[in-house]
Number of protein chains: 2
Amino acid sequence: MTTQPASASRGPVTRKDVARYAGVSTAVVSYVVNGGPKKVAPATEAKVQDAIRVLGYRPNAAARALKLGSSETIGLVVPDNTNPFYSLLAHAVEDAAAELGYALLLTNSAGNLAKERRNIRNLAARQVDGVVLASVVFEPDLVDLESAEIPSVLLSHSDSQAEVTSMGVDLVEGARIAVEHLASHGHKNIGLAMGTTTGDEADGREQGWLKALADAGLPEGPIARSAFTREGGYAAGKRLLASAQRPSAIFASSDLQAVGLLRALHEAGLSVPGDIAVTSFDGSVEAEYSWPPLTTVEQPVREMAEAAVRALVGADRGEPPRHRVFPTRLLVRQSCGCP
Amino acid sequence: MTTQPASASRGPVTRKDVARYAGVSTAVVSYVVNGGPKKVAPATEAKVQDAIRVLGYRPNAAARALKLGSSETIGLVVPDNTNPFYSLLAHAVEDAAAELGYALLLTNSAGNLAKERRNIRNLAARQVDGVVLASVVFEPDLVDLESAEIPSVLLSHSDSQAEVTSMGVDLVEGARIAVEHLASHGHKNIGLAMGTTTGDEADGREQGWLKALADAGLPEGPIARSAFTREGGYAAGKRLLASAQRPSAIFASSDLQAVGLLRALHEAGLSVPGDIAVTSFDGSVEAEYSWPPLTTVEQPVREMAEAAVRALVGADRGEPPRHRVFPTRLLVRQSCGCP
């Protein structure tokens, strides 16, 4: 008689051993070990955990990946995960991936093309099952993913890379409703705090601003271009306040810029919306807790993240590449002048 | 003569083939493929990339992991990566890990113990090389990591799990200087907006608030307990304003709570710091761009993240477990009453 588990004498403990000991299927052992994709009843999970402990089972992820030809991971490439828009995206992608049994590899590119290329190459080398790319200032270089046959989804606002699935919102229409809303409050001089991109054509938000002004029969207000950051918005705000024709309302092309813009307005002793009204773009939670709370165009980040994961490793896997446009909506709060 | 690459007739292309074709060492090929750990000159990198393309080389991460016994990944467990404190932590851990050639697996636990256990088990099953755990409300259950012999580092404020390396700031001292600063502005009734934890003993921030009041010979001000969130701070602010002895200054135990508190104060038509002064804790960028900008106690997140990665997979790997205390400093802005 021995007190050693039976497995001690016959090599490594397998998933089958655990399943037999716990009286469950090997699939159930997988779900417990991998935390999904299916849920396991607490009592069953306890039995499996007990079997794992008693038998000393140690799953081998590398062997499993080699066998499956899958690392069961999704890569995410963002400029900066501390930007609330991208932190929400990362959270939503992580949730949607976990639901399907995939883990999330997070990479930050700092808006730096060389760093983004390195991150993409690194994800390709790690044989992730798919990559979600959110590049704020340029179109990502997908050659490393393509040569490794790794599917990717772009978060972008046009289908300029037609051979890749992409998703985004209609920037022109989103900006148009935010500016139209300012015009509906009676503003005649509506400025623009615009984030800078390296693309050839004008950003859709700038086009939407122009469109709303034209539709309302208003002249073009002043523009200040700056980075898509709090600091950028602060600088843009100072410049707009110094412009010859100071606007009575400003549309900021991102919430972060609006937060910086608000600081510039507060420092100048101006009241918002009394002296200058503001609307912005993104719909991040920081915009809800700024002072005053920002009226902003919400991008459905969670829906886009879920669709991206579905396209990479879920139900929509293998569908032909296409560009999907998601609806925006105006979240009306107080910065616009609404009560 | 054939135009096929030479490798077509002799099975899979290896790293050695790429190195020979590019005229570099296999180590250099590794650096290019993995994006590190050492930097490669752009011209050399181009040669290697060229060789990879021409030969059709595809590195096999799973085979490599099996051989190395390492997945070259670090896991991060946070309650919610959209909280600016944790998003900064995730960014800093990603940077420090990438520097050493490791990628970051991000998991959110939503302050939910069952979800945190699943995430930890999942990371263990994926054979990460180490895990950084930041649990806001409870001590994490490390049994799955320990049984897989995966090292972990806790971000916490005491060494209550003595067998694990942990790092954090001295909460008592940090809070003490934030409250002492309010007292130095002449405030006699200083309230506390305190985040709720499930620990047995009072949070260090509450102790630091009490200590500063005792040192200054002041009575205990009112306390409102709520979640460590913007919403929590907003609710706490409303309760403090309704208290029988409304405080003239409030210390908030996190920046997010302070952001919510500011909203409650603004909505009540109060000026900050004129009517009520505020200081808070964390030092996140959101505190810099609130209105007014928050005077806050900065936690050195980046330094802690770098030390955590060093302890897991860097120079400090294998050192005996210990608790490391990092210094805090008061970032003086305007919410306290300083000019």
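None of the figures in this text is laboratory data; all of them are computed from the coordinates on show. Since we're looking at a predicted model, the values are computed, not measured. Cβ coordinates were reconstructed from backbone atoms using ideal geometry, including for glycine residues, and neighbour counts include every protein chain displayed.
Subtracting the Cα-Cα distance from 0.36 nm times the residue separation, let me have the gained length for B:Gln207 to B:Leu113 in nm, one decimal.
Numbers: separation 94, 0.36 × 94 = 33.84 nm, distance 2.58 nm.
Fully extending the segment from B:Gln207 to B:Leu113 adds 31.3 nm.
Of B:Arg205, B:Arg230, B:Arg322, which has the largest mean-square fluctuation in a 10 Å C-alpha GNM of chain B?
Evaluated over chain B, the most mobile residue of the options is B:Arg322.
At a Cα cut-off below 29 Å, give the lysines reachable from A:Lys238, other chains included and same-chain residues fewer than 8 away excluded.
A:Lys188, A:Lys211
Would you mind calculating the gained length between A:Thr44 and A:Arg333 on full extension (0.36 nm times residue separation, minus the Cα-Cα distance), in nm to one decimal? The partial results should precede the final answer.
Numbers: separation 289, 0.36 × 289 = 104.04 nm, distance 4.82 nm.
Length gained, A:Thr44 through A:Arg333: 99.2 nm.
How far, in nm, would the chain grow between B:Arg310 and B:Glu267 when pulled straight, counting 0.36 nm per residue and subtracting the alpha carbon separation? If you can, show how the numbers build up before the last one.
On the way: separation 43, 0.36 × 43 = 15.48 nm, distance 4.57 nm.
That pair, B:Arg310 and B:Glu267, stretches by 10.9 nm at full extension.
Per residue of the range B:153-158, in order, report the coupling 6.51 cos²θ - 1.76 cosθ + 1.60 (Karplus, θ = phi - 60°) as ³J(HN,Hα) in whole Hz, putting x for Gly and Pro.
Couplings: 10, 9, 8, 7, 10, 8 Hz.
With a ≥ b ≥ c taken as the square roots of the eigenvalues of the C-alpha gyration tensor of the range B:160-245, please select rounded if a/c is under 1.5 and otherwise prolate if a/b is larger than b/c or oblate if it is not? Numbers along the way, then the final one.
Values: a/c = 2.37, a/b = 1.33, b/c = 1.78.
The shape class here is oblate.
Specify the longest stretch of chain B that does not include any exposed loop site, a site being one of the GluC sites (Glu not before Pro) with a non-H, G, I, E, B DSSP assignment and at most 13 other Cβ atoms within 10 Å. Each step should come with its number before you reach the end.
Values: sites that count: B:Glu149, B:Glu163, B:Glu201, B:Glu220.
Formally, the longest exposed-site-free interval is B:1-148.
Go through the range B:93-106 residue by residue and turn each phi into a ³J(HN,Hα) via Karplus (6.51, -1.76, 1.60, θ = phi - 60°); whole Hz please, and just put x for glycine and proline.
Karplus-based 3J(HN,Hα) across the range B:93-106 equals 5, 4, 4, 5, 5, 4, 4, 9, x, 9, 9, 10, 9, 9 Hz.
Please give the average number of partner chain Cβ atoms lying within 10 Å of the Cβ of each residue in A:96-104, rounded to a whole number.
Details: counts 0, 0, 6, 0, 0, 1, 0, 11, 6.
Whole-number average of other-chain Cβ neighbours for A:96-104 is 3.
Could you list log10 I(q)/I(0) for chain B at q = 0.07, 0.09 Å⁻¹, which the Debye formula gives when each Cα is one point scatterer?
-0.40, -0.59
What shape does the range B:171-299 take by its C-alpha gyration tensor, where a ≥ b ≥ c are the square roots of the eigenvalues and a/c under 1.5 counts as rounded, a/b above b/c as prolate, and the rest as oblate? It would help to have the intermediate numbers written out before the result.
On the way: a/c = 1.26, a/b = 1.11, b/c = 1.13.
In terms of gyration-tensor shape, rounded.
Using a label point 7 Å beyond Cα on the Cα-Cβ vector, give me the inter-copy distances for B:Ala214 in nanometres, one decimal, shortest first.
The projected label point of B:Ala214 is separated from its counterparts by 7.0 nm.
For the range A:164-179, what does the Karplus curve 6.51 cos²θ - 1.76 cosθ + 1.60, with θ = phi - 60°, yield as ³J(HN,Hα) per residue in whole Hz, taken in order and with x for Gly and Pro?
So the J values, rounded to whole Hz, are 10, 5, 9, 8, x, 9, 7, 4, 4, 5, x, 5, 4, 5, 5, 7.
Using the 2.2 N^0.38 Å rule of thumb for compact globular proteins, work out how the range A:6-59 stacks up: its C-alpha Rg over that value, please. Before the final figure, lay out the partial values.
Details: Rg = 10.4 Å, N = 54, 2.2 N^0.38 = 10.0 Å.
Working it through for the range A:6-59, the quotient is 1.04.
In percent, how large is the relative contact order of the range A:171-299, given Cα pairs closer than 8 Å and 6 or more residues apart? Write out the running numbers ahead of the final one.
On the way: 273 pairs, mean separation 33.4, N = 129.
Reported as a whole number, the value is 26 percent.
Output, in nm with one decimal and in ascending order, the distances from the A:Ala46 label point to the matching label points of the other copies (7 Å from Cα along Cα-to-Cβ).
6.5
Could you tell me whether the protein assembly as shown comes out rounded, prolate or oblate from its Cα gyration tensor? Rule is a ≥ b ≥ c as square roots of the eigenvalues, rounded for a/c under 1.5, then prolate if a/b exceeds b/c, otherwise oblate. Show your work: numbers first, answer last.
On the way: a/c = 2.06, a/b = 1.26, b/c = 1.64.
Oblate shape, in that a/c is at least 1.5 and b/c is the bigger or equal ratio.
Can you compute the helix-only [θ] at 222 nm over chain A? Use -39500 (n - 2.57) per DSSP H run of at least 4 residues, normalise by all residues, nearest 500 deg cm²/dmol.
Working: 13 runs with 142 residues, N = 339.
Computed ellipticity for chain A at 222 nm equals -12500 deg cm²/dmol.
Give me the one-decimal nm value for the distance between modelled label points at B:Ser25 and B:Glu99, 7 Å along each residue's Cα-to-Cβ direction.
Going from the B:Ser25 label point to the B:Glu99 one covers 2.3 nm.
Near the amide H of B:Met167, under 5 Å away, which other amide H atoms are found, from residues 5 or more places off or on another chain, if H is placed in the peptide plane?
Sorted by chain and number, the residues that satisfy this are B:Leu154, B:Leu155, B:Ser156, B:Arg324.
Could I have the simple spin-label model distance between B:Lys188 and A:Ser184, label points 7 Å from Cα toward Cβ, reported in nm to one decimal?
About 5.2 nm, to one decimal.
What does the net charge come to around A:Leu240 if you take all other residues with beta carbon closer than 14 Å to its beta carbon, with K and R at +1 and D and E at -1? Let's see the in-between values first.
On the way: positive: A:Arg225, A:Lys238, A:Arg239, A:Arg246, A:Arg263; negative: A:Glu220, A:Glu267, A:Asp275.
Net local charge, A:Leu240 excluded: +2.
Could you tell me the relative contact order of chain A? Use alpha-carbon pairs under 8 Å, at least six residues apart, and round to a whole percent.
Details: 668 pairs, mean separation 51.2, N = 339.
Normalised by residue count, the contact order of chain A is 15 percent.
Between A:Asp215 and B:Lys16, what FRET efficiency comes out of the Förster formula 1/(1 + (r/R0)^6) with R0 = 60 Å and r the beta carbon distance, rounded to 0.05? Intermediate values should be presented prior to the final figure.
Details: r = 64 Å, r/R0 = 1.07.
Taking R0 as 60 Å, the efficiency between B:Lys16 and A:Asp215 is 0.40.
With each pseudo-label sitting 7 Å past Cα toward Cβ, what's the B:Glu146-A:Ser147 distance in nm, one decimal?
Once both label points are built, they end up 4.7 nm from each other.
What residues qualify as long-range amide H neighbours of B:Val297, i.e. H under 5 Å apart, gap of 5 or more or another chain, H built at 1.01 Å from N?
Counting only residues 5 or more places away or on other chains, the set is B:Ser280, B:Phe281, B:Asp282, B:Gly283, B:Leu331.
Place the label 7 angstrom along Cα→C-beta at B:Gly318 and in each other copy, then list the distances from the first to the rest in nm, shortest first.
Label-point separations across copies, in nm and ascending: 4.7.
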